[in-house]
1. Treat each spin label as a single point 7 Å out from the Cα along the C-beta direction, and report the B:Val272 to B:Arg331 distance in nm.
2. Over 21 Å between C-alpha atoms is what I'm after, so list which of B:Lys156/B:Lys372; A:Lys50/B:Lys211; B:Lys134/B:Lys156 land there.
3. For B:Arg169, tell me the accessible area in Å² from a 1.4 Å probe, rounded to the nearest 10.
4. Which aspartates and glutamates, on any chain, are close to B:Lys32 with Cα under 12 Å apart, when same-chain ones fewer than 8 places away are left out?
5. Keeping all protein chains in position, work out how much accessible area B:Cys275 exposes to a 1.4 Å probe, and write it in Å² to the nearest 10.
6. What does a probe at B:Glu179 reach in region B:130-160, counting residues whose amide N is under 11 Å from the point 7 Å along Cα→Cβ?
7. I want to verify a result. In a Gaussian network model of chain B, Cα cutoff 10 Å, which of these has the top mean-square fluctuation: B:Ser243, B:Ser404, B:Ser258?
8. So if I place +1 on the C-beta of Lys and Arg and -1 on the C-beta of Asp and Glu, and nothing else carries charge, what would the dipole magnitude of region B:255-311 be about its Cα centre? I want it in debye, nearest 20.
Amino acid sequence: MLEIPCPFCGPRPEVEFRCGGEADIRRPADPDRCSDRAWTDYLWNRTNPKGVHRERWWHVHGCRRWFVVSRHTVSDTILAVSDSGQTAQPQETAADG
Amino acid sequence: MRRGRYSFAALVRHALSGHRRWPPAWRRREPKRAYDVVIVGGGGHGLATAYYLAAEHGVRDVAVVEKGWIGGGNTGRNTTIIRSNYLHPESIALYDHALRLWPTLSLELDFNIMFSDRGVMMLAHDLHDERILKRHIHANRLLGVDNRWLSPAEAKAFCPPLNIDPRARYPVLGAALQERGGVARHDAVAWGYARAADRLGVHILEGIEVKAIRRRGDRVLGVETDRGVIAAGRIGVVVAGHSSVVLGTAGLRLPIESFPLQALVSEPVKPVFPCVVMSNRVHAYISQSDKGELVIGAGTDQYVSYSQRGGIQVIRHNLEAILELFPIFARLRLMRQWAGIVDVTPDRSPIIGPTPIRGLYVNAGWGTGGFKATPGSGHLFAWTLAHEEPHPIVAPFGLDRFESGRLIDESAAAAVAH
Ligand SMILES: Cc1cc2nc3c(=O)[nH]c(=O)nc-3n(C[C@H](O)[C@H](O)[C@H](O)COP(=O)(O)OP(=O)(O)OC[C@H]3O[C@@H](n4cnc5c(N)ncnc54)[C@H](O)[C@@H]3O)c2cc1C
Ligand SMILES: [Zn+2]
């Protein structure tokens, strides 16, 4: 079980949270005009990296707020946590391995 | 009689030399520089594909490239439930094609894969479950696939350890039974296909990892491995949880996420559990192996991971449910726990067929429930690779369905991992 550092409440056991999947997925600005391929990519395709994953978590049995976690998907180590109110940063930093 | 066939006579002959002279079931080969077809991934699906390519299509210049040992992925980690009672006609055709290959597979491969059609029973705990299961029963029977409804008493007669007390935490309102369903020995399936493919000239290359797919423009050229480049004009990628990683090297993005899925086994006991029981509602499934161990499957973790571990809360929840359904197991000890990395699609149906890159084919997204499909998946994927077009049964399962919107939603059939 993960120990997740909620930016608002501090470290709590995973059972208090719900994972909301990959972060930084943006809805195409004009769905009527975007290509089927771009819409498919938005709806269904996921990065699913073997490496650092930016993902959204919801502290459902706590403060009930959403935030973003960077976690390595091989070691499950949590590398960074940020308030999801901030604009998403392209992932460039944390070591991949 | 062909040399090297397993038989009673061979057993007697080898007994005389103390069973020390059995030849290896498949040979260790040096990779060639090029093959007609390269299969990436030596799980059951990849090995079956190679076997049927050689056996049914005369395509024998084939290599199966496996980064670890064959069957060491989900094939050797699954709870081996086999059934075909899915909801949609496309899926019923796909899974029943596989189910019809299981009963004679030992004969075909000359390898005892221990298929046992002991019946798969799926429990209903509330009205919603009951409606869903009955809808499946009707859908199956309309297409001539067996599946029938059992009352709680009938369910208990079929599986005596089941607790059908109406005041139980998870009352049993009834069950759907597919009698042709059952289990098989997972390792033997991988080994049997490997041995049969090897005899037809297929190279089984273990301990070689594919690092990247090579392409020029929209045509595939081969694979880069940690032992050098292997050229091939046709490549089938069958790597389950690693599909996004391997196909990502060809520039593809997939509608797949990888999650750990856990299973456990108990200490061995005498035969006590005659069938397979699944409960989607409480996320539990259980059977007894021929060794006597109870084989218990749990759920996936909620986050993407390649860690092959799985969270303790997942199995705890699972075992609580198992003990509510089967209180007699309360004092059994568990021996082992493990996880595999399953490749889950949005509609819980697999992805089989061509990719936008010519010569590059994918067979993935079987998620929590692809063992049952192993022979059928290999059979149809081999056809697809040999003809360079999707077999009619797999045609609806192409990658293009996510763009066309023609999804095949099996989340009710596959809500539980099996
Ligand atoms: C705990 C658990 C329980 C399950 N229970 C059931 C069940 O009861 N019934 C059912 O039908 N299904 C079940 N499943 C699902 C089933 O196991 C899988 O769908 C099926 O076995 C997939 O087979 P495969 O051959 O595609 O994949 P795998 O057996 O995983 O084979 C893929 C292979 O690809 C190799 N590979 C990966 N990357 C590379 C690379 N870069 N280069 C070379 N090789 C590579 C891997 O090492 C692996 O051996 C379960 C799965 C798990 C984990
Ligand atoms: Zn919080």
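The values are calculated or read from the model by the stated rules, or taken from the named source; none is laboratory data. Keep in mind the model is a prediction, meaning the values are calculated, not measured. Note: ideal-geometry Cβ built from the backbone for every residue, glycine included; neighbour counts use all protein chains shown. Each accessible area value is taken on the protein alone, full model and side chains, heavy atoms only, with ligands, DNA and RNA left out. Shrake-Rupley method; radii C 1.70, N 1.55, O 1.52, S 1.80 Å.
1. Distance between label points: 1.0 nm.
2. Values: B:Lys156/B:Lys372 25 Å; A:Lys50/B:Lys211 13 Å; B:Lys134/B:Lys156 18 Å.
Among B:Lys156/B:Lys372; A:Lys50/B:Lys211; B:Lys134/B:Lys156, the Cα-Cα distance tops 21 Å for B:Lys156/B:Lys372.
3. 150
4. Here the aspartates and glutamates satisfying the reach criterion relative to B:Lys32 are B:Asp61.
5. Probe radius 1.4 Å; accessible area of B:Cys275 about 0 Å².
6. Residues B:146-148 fall inside that zone.
7. Judging by the Gaussian network model, the answer is B:Ser404.
8. Numbers: 4 positive and 5 negative charges, 24 e Å.
Roughly 120 debye for region B:255-311.
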